[in-house]
Amino acid sequence: MQLQGDVCVIGDGAIGKTAALGFAQAGLKVVLLAPASAVPAAAQGDAWDARVYALNHVAHELLSSLRVWDALDASRIAPVDTMEVKGDGDRMPGALNFDAYGARVGALAWIVEDGNLNRALDAALKFATNVQVVRGRAIRLSADAASARVQLDNGDTLSAALLIGADGGQSWVRSQCDIDIDYRPYGQRAIVANFNCEKPHRNIAHQWFSATEGVIALLPLPGQRVSLVWSAPDALADTLLQESAAQLALRVGTASSHVLGALTPLQPEVVKSFPLALIRPHALTATRVALVGDAAHVIHPLAGHGMNLGFADVSALLTAVSERGPHRDCGDARVLSRYVRARKEDILLMQLATDGLTRLFGADLEPLRLLRNAGLNLVDRLPGLKRRLIGHALGNRSL
Ligand SMILES: Cc1cc2nc3c(=O)[nH]c(=O)nc-3n(C[C@H](O)[C@H](O)[C@H](O)COP(=O)(O)OP(=O)(O)OC[C@H]3O[C@@H](n4cnc5c(N)ncnc54)[C@H](O)[C@@H]3O)c2cc1C
């Protein structure tokens, strides 16, 4: 069977689904390729997802424009009103605070569960008239001046003017296009789990940096609940994963100086882990192909921005395609170079910032400890710089 669309999206993560919806709502014919074994988002239950994302204003605007944001279960979303970042200095501990009031926005970000997000995207895709979801395994990709084509292992072929690689950090599309990458493992794993907290969190996202223990973030969930993302060095991560969720809660309580009182695991107890690495592809596009989301960049989660960068990619690609002019198709080389120009700087800045912070706070050397903690305090007292940093975290807004 031969399937033809204007746009073919490979990958059914949140970014691939959003891209498919965006192009379909723009009136283009979309084919979305999902793996044959893809598992649909879990049915809504009471259990809280250990996988959550801090979504910024770019994500909020894009998902709202696609009518997905309003389809999210709002009772399970917590706004982040304040961010409190703490360093690890004994003599001069660093601290940096941001708040929504200072940034003149309603919220700095929103904490959304993976299941909540994917259920809303799946529901929107079900009703989208221009999207055909195909399940299968792609085995070959080819592209020329006329179109991009993907062959599946059952002999079917998908072809489109534009092929979008949204197939995650280990992107098959990227390797088929011979796009090289810089790959650097951080020697850390992110441990995620959810806890009840004894004291109200007041919609504050807390983050603690330590050279020996990594980065601990506690993100607010609705009610007296928080979500942990602990980017721990591998050896410590091994220990944490061998312990019970109750032991993990005790450790996090101590590491957070009990700011939220006693922490106890949410039921059912779920602790997950993710290896952390920096992946920088040498190109964002190839002939008739654009990479988006983790296929285009994998960064350290300390800033909570990987998914947000992906939403910004989709937004930029939608704009480049919609402004292509009457005589160009959506995979035209000029459309793709416009996409690259729109995204290059933002992606590079986020890669440099997250990588730089990971290195700076990963070094257990006293002079660096002094420097980084002084740096946090300095940024906290420089309103101009702080405003620019917040603006960037919100998604490139000038405040
Ligand atoms: C611990 C942790 C915390 C994080 N917190 C945040 C946060 O707070 N905020 C934030 O913005 N980001 C966060 N991130 C980053 C975020 O998780 C990723 O950036 C995001 O999930 C990437 O989405 P994606 O759709 O591009 O890729 P993925 O979620 O990896 O999806 C790729 C999809 O492609 C499919 N696929 C793969 N290969 C093929 C193929 N050959 N054919 C068809 N389909 C294929 C896969 O099945 C998958 O569904 C965090 C990351 C980690 C590890």
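The values are calculated or read from the model by the stated rules, or taken from the named source; none is laboratory data. The structure presented is a predicted model; accordingly, all values stated were derived computationally and were not measured. Counting neighbours? That spans all protein chains shown, and the Cβs are built from the backbone with ideal geometry, glycine included. Ligands, DNA and RNA are stripped out before the accessible areas are found, and what is left, the full protein with its side chains, is counted by its heavy atoms. Shrake-Rupley method; radii C 1.70, N 1.55, O 1.52, S 1.80 Å.
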Convex hull per residue volume in Å³, alpha carbons only, for the stretch 173-294: 139 Å³
Lys and Arg at +1, Asp and Glu at -1: neighbours of Pro35 with Cβ under 13 Å from its Cβ sum to -1
Candidate lysines for bridging to Lys344, where Cα separation is under 28 Å - those fewer than 8 sequence places away on the same chain excluded: Lys17, Lys29, Lys386
Alpha-carbon spread of the stretch 195-245, three principal axes, descending order, Å: 33, 23, 13
Relative contact order of the stretch 261-373, please, whole-number percent, based on alpha carbon pairs below 8 angstrom and at least 6 residues apart. 24 percent
If DNA, RNA and ligands are ignored and the probe is 1.4 Å, what is the ranking of Met1, Met83, Met350, Met307 by accessible area, most exposed first? Met1, Met83, Met307, Met350
Counting only protein heavy atoms and rolling a 1.4 Å probe, one gets per residue an accessible area for the stretch 234-340 in Å² of 42 Å²
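Over the stretch 198-338, what is the relative contact order in whole percent, taking alpha-carbon pairs under 8 Å and six or more residues apart?
Working: 152 pairs, mean separation 21.9, N = 141.
Relative CO of the stretch 198-338 lands at 16 percent.
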Relative contact order (percent, whole number), the chain, Cα cutoff 8 Å, 6+ residue spacing: 22 percent
With a 1.4 Å probe and every protein chain left in place, work out the accessible area per residue of the stretch 138-222 in Å², rounded to a whole number. 40 Å²
Taking a probe of 1.4 angstrom, what is the accessible area of Lys199 in Å², to the nearest 10? 100 Å²
The aspartates and glutamates whose Cα lies under 20 Å from the Cα of Lys86, excluding any fewer than 8 residues away in the same chain, are Asp99, Glu213, Asp355, Asp364, Glu366, Asp380
Based on the inverse mean of 1/r over its pairs of different Cα atoms, what is the Kirkwood hydrodynamic radius of the stretch 141-235, in Å? 17.5 Å
Put Thr18, Thr157 in order of accessible area, largest first, probe 1.4 Å, and you get Thr157, Thr18
Could you compute how much accessible surface Asp178 exposes when probed at 1.4 Å, giving the result in Å² to the nearest 10? 130 Å²
I'd like the distance between the alpha-carbon centres of the stretch 95-115 and the stretch 221-299, rounded to an integer number of Å. 19 Å
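Would you please calculate the Kirkwood hydrodynamic radius of the stretch 227-327 over all C-alpha pairs and express it in Å, rounded to one decimal?
Numbers: mean 1/r = 0.0590 Å⁻¹.
By the Kirkwood definition, the hydrodynamic radius is 17.0 Å.
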Please arrange Ile216, Ile77 by accessible surface area, largest first, computed with a 1.4 Å probe and ligands excluded. Ile77, Ile216
Accessible area of the chain with a 1.4 Å probe: how many percent of it is carbon plus sulfur? 53 percent
Given the protein chains as shown and a 1.4 Å probe, how many square angstrom of His60 are accessible, to the nearest 10? 50 Å²
For the chain, take the convex hull of the Cα atoms, compute a quarter of its surface area, and give me that in nm², please. 19.3 nm²
